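Trainee: This is the structure I have questions about; it appears just below.
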Amino acid sequence: MTMRLPKDSAEFARWYGRYFSPVALVAGFVVDTLYLTSRVDLWQTNALLGAYLVLAGLGILATNAIEAGRIRNARIVAVAPFVAILVQFSFGNLFSAYLSLYGRSAAFAGSWVFVALVATLLVGNERFIRLYARVPFQISIYFVVLYSFLIFFLPIIFRSLGTEMFLLAGAASLVLTALLLLALARVARARMRLALLSTVRSVIIIFLAFNVLYFSNLIPPLPLALKEAGVYHSVERQSGGMYRLMGEALPWYEPYLRYNTVLHLTQGESAYVFTAVFAPTGLSTPIAYEWEHREDGEWIPRGRIAFSIMGGRDGGYRSYSMLEDPEEGMWRVNVLTPDGRIIGRVSFTVIRASTTPMLVVEEG
């Protein structure tokens, strides 16, 4: 019995193509695990993401140049089936990285909408191999990963936050995508002529979708991230910069979910909300605590305090806010960016008690 080997790369890709996507996904996960750091402001993180963007852009250009017959070198044409795999690999790694980075920043329930969309693209990426041959799809996915990158990269570069940075990220994404389209028009004019209208339409729809998500407060506020949050009976700053936190014992899962914690307070006792907000090194920005009380089915503002934080600490900038003798009922404290986006939220219910419950001591 003899075993026949593939006669060329095209046949090899046809025989084993179904294995490429899972292998690329695993390889991307390994690369991200080894080289992607948890801090969005480190050069290693952004260099790796930038490399993926460059690889994807070059892969798109090469794919279309080969399909258009502009590249005739036999060796390059022979590896053409693997160029699409390279593009898919780059996109998959970017989605994997964004899922990790944006997921860490999604401390507010609504912002998980964007994270879920990224997760959907990551899971679906291995099924997109045939779609990557189409120019509108290539450019649409590229625009998504580019826009998602610039949303947090530009604030790090300019050390500034706010709506202006988001609008600048959108404008830069459109300009860079337009340059990619011009390059494609030079190497594959006929293909671009047929695909230009649908490509532009797709980019505009995605651009509008990003803006709707942003102004609906559904995109996590990277590069800021809520590292720690909780409600306590007492918060005291200790020597050495540490904080002594006294709170009620919680089920093991509540600190991770930041669920609606019950706070038993005696008459005249205060409620303390403690947070640690990560910001990039060199970035100083105001944030605000906004206290709200649930009354007749609506959240009523009951106080707001703003102050500035300084970035650079791995565990985040630590601070707290206190409300004297809060009334019974449902409360929440929103941690806000300068433009009112929610970095995180601490929800709890105050129940009046005759005696203070047993408290546990933590360090923050």
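Trainee: Looking only at region 294-346, count every residue that is without any contact (Cβ under 8 Å) to a residue 60 or more places away in the chain and among the hydroxyl-bearing types (S, T, Y) and tell me the total.
Mentor: Final tally of qualifying residues: 4.
Trainee: A further question follows. For region 156-169, give me each residue that is surrounded by fewer than 17 Cβ atoms within 10 Å (Cβ to Cβ) and among the small types (G, A, S).
Mentor: Hits for region 156-169 are S160, G162.
Trainee: Just to be sure, is R332 basic (K, R), touching a Ser or Thr at 6+ places or on another chain (Cβ under 6 Å) and in the same structural domain as S234 (by TED's automatic domain parsing)?
Mentor: yes
Trainee: Does any residue of region 196-219 turn out to be more than 19 Å from the chain's Cα centre (by Cα) and modelled with pLDDT under 90?
Mentor: Yes, because at least one residue in region 196-219 is more than 19 Å from the chain's Cα centre (by Cα) and modelled with pLDDT under 90.
Trainee: Same structure again: Do we find that A229 is among the small types (G, A, S) and not in a strand (DSSP E or B) in this structure?
Mentor: no
Trainee: Now, a different point. I'm trying to understand the selection: among the residues of region 271-307, which are part of a loop (DSSP other than H, G, I, E, B) and surrounded by 15 or more Cβ atoms within 10 Å (Cβ to Cβ)?
Mentor: A279, P280, L283
Trainee: Within region 221-230, is there a residue that is under 26 Å from A353 (Cα atoms) and in contact (Cβ under 8 Å) with a residue 60 or more places away in the chain?
Mentor: Yes, some residue in region 221-230 is under 26 Å from A353 (Cα atoms) and in contact (Cβ under 8 Å) with a residue 60 or more places away in the chain.
Trainee: Return yes or no: is G268 touching a residue at least 12 places away in the same chain (Cβ under 8 Å), outside any strand (DSSP E or B) and touching a Lys or Arg at 6+ places or on another chain (Cβ under 6 Å)?
Mentor: no
Trainee: Which of the residues belonging to region 228-280 are among the aromatic types (F, W, Y) and modelled with pLDDT of 85 or more?
Mentor: Y232, Y243, Y272, F274, F278
Trainee: Would you confirm whether any residue within region 215-235 is among the aromatic types (F, W, Y), under 26 Å from L336 (Cβ atoms) and touching a helix residue (DSSP H, G or I) at 6+ places or on another chain (Cβ under 9 Å)?
Mentor: Looking for residues that are among the aromatic types (F, W, Y), under 26 Å from L336 (Cβ atoms) and touching a helix residue (DSSP H, G or I) at 6+ places or on another chain (Cβ under 9 Å), one finds at least one in region 215-235, hence yes.
The values are calculated or read from the model by the stated rules, or taken from the named source; none is laboratory data. If you're wondering where the values come from, they're calculated on a predicted model, not measured in any experiment. As a convention, Cβ positions derive from the backbone with ideal geometry for all residues, glycine included, and neighbour counts pool all protein chains shown.
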